[in-house]
Each structure stands twice: as structure tokens, then as C-alpha cells.
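Input: a single structure, listed below in C-alpha cells.
Here, each number is a calculation from the coordinates, and none is a lab measurement. Here the structure is a predicted model, which means the values were calculated and not measured. Cβ sites come from the backbone with ideal geometry, for glycine too, and all protein chains shown count toward neighbours.
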Amino acid sequence: MKLVVILGDAAVGKMTVGQELMRRTGMRLFHNHMTIEPVIEIYGEYNGELVYQMRELFFHTFAKSDKEGVIFTYMMDFDMPSEWEYLKHLEEIFEGHPVYYVELVATQEVRLARNVTENRLKNKASKRDIETSNMRLIRDAANHRCASYEGEVTFPNYIKIDNTNLQPEEVVQMIIDRFGFETVQA
């Protein structure tokens, strides 16, 4: 059992890289919108507490399982102490199991282009209003620091990848090589 946390700004490619990493390693993908979208659909709006509680149940259950591992995608604001505390909380849930961190960064221009990809829109209904989604992406980039400073992240199992000009398969190979993950037959 292992936990892989993929961090990065909106539309940087967290889910897409997670999908490819799942395909290559057999770990399961739990992308952040797997809780966000049902909450919006059922509750009628975003409710952070409900999203948090759903994730808590999932993580506690998964940490006790005999699964290979779980890949979790998360948009983190590096300036907020509560975000660092949340990562520590996840490590506590998965105590005794290795935790790996992958940070993805890409230019805003590339992220805006990725914001309208078929895969993203298929998996994230709340992003289908393109104009609103693009405005939120730009606003969030101005109000939150979703990329770390050089040397800021000191986790032992950590890699930062600028995937502006990389395909998901290339990024996943870098992750597999860095952490020595075993791959499964496709």
C-alpha cells in the first residue's frame, strides 16, 4: 500500500497523469473531482465540509486495504499552513505506508489550453462552462500560490516536474524511474 499525491495548479494535468500512472502501475486513482462533482450534483453547490468528509472515509478505508496503492490529486496553495497540515494528516492516515509527492507545473497558457480537453470535460462536469472555468483558473492563479518555491518542499519522496512540454506518458515514466514503482502489463 502506498499513497501518491499529485499536486499542482488547475488544469496542469494532475488527473491525466494520474490516469496514466494508474494504467502503468495498477494503483487506483482518486482524483479530487471524484468527490467535488457528486457533492455539486447532489447538494446543488460546492460544500467543502462534505467533500472533506467523503475523502476522509475513502482514505481511512483505503489505508486499511490490501490494494497496491492510491493516487490522489490535489490543488494545494503553498502559502496556506492548513494545506501543509492536510498533507501531514494524510500521512498520518497512511502511517506505516510510504507516501510519495509529485508536483506538476506548467505555464498558464498551456493550462488554459488543457482546461478544455475532452478528457477533462468528460470527468469534471463543473468545468464545462468554459468561460467561467477559464476565469476561475486565472483568478485562482492570481490569488493562490499553487507551485512551490525552489527547495521549499522537503519531503523525502518528492519530485517536481515541469510538464509544460511533456506528454503524460513521459511524466509517468519520470515518476516510475524516480520512485522505483513496479509496472504492470498493459
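Below, the figures for the structure above:
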| read-out | value |
| --- | --- |
| One residue from Lys67, Lys14 being of a type in the set (Lys, Arg), under 23 Å from Gln173 (Cβ atoms) and touching a Lys or Arg at 6+ places or on another chain (Cβ under 8 Å) | Lys67 |
| Of all residues making up the range 56-72, the number that are of a type in the set (Lys, Arg) and in contact (Cβ under 8 Å) with a residue 24 or more places away in the chain | 1 |
| Any hit, the range 157-169, residues being under 11 Å from Tyr101 (Cβ atoms), without any contact (Cβ under 8 Å) to a residue 60 or more places away in the chain and surrounded by fewer than 16 Cβ atoms within 10 Å (Cβ to Cβ) | yes |
| Scan of the range 88-107 for residues that are within 19 Å of Ile161 (Cα to Cα) and either buried (at least 17 other Cβ atoms within 10 Å of the Cβ) or among the acidic types (Asp, Glu) (or both), ordered by number | Val99, Tyr100, Tyr101, Val102, Glu103, Leu104, Val105, Ala106 |
| Extreme residue, surrounded by the fewest Cβ atoms within 10 Å (Cβ to Cβ), among residues of the range 174-186 that are free of Cβ contacts under 8 Å to residues at least 24 places away in the same chain and not basic (Lys, Arg) | Gln185 |
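The rows are residues; the columns are (1) under 17 Å from the mean Cα position of the chain (by Cα); (2) not acidic (Asp, Glu).
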position: Glu20; (1), (2): yes, no
position: His31; (1), (2): yes, yes
position: Thr35; (1), (2): yes, yes
position: Tyr43; (1), (2): no, yes
position: Glu49; (1), (2): no, no
position: Met54; (1), (2): yes, yes
position: Phe59; (1), (2): yes, yes
position: Ala63; (1), (2): no, yes
position: Thr73; (1), (2): yes, yes
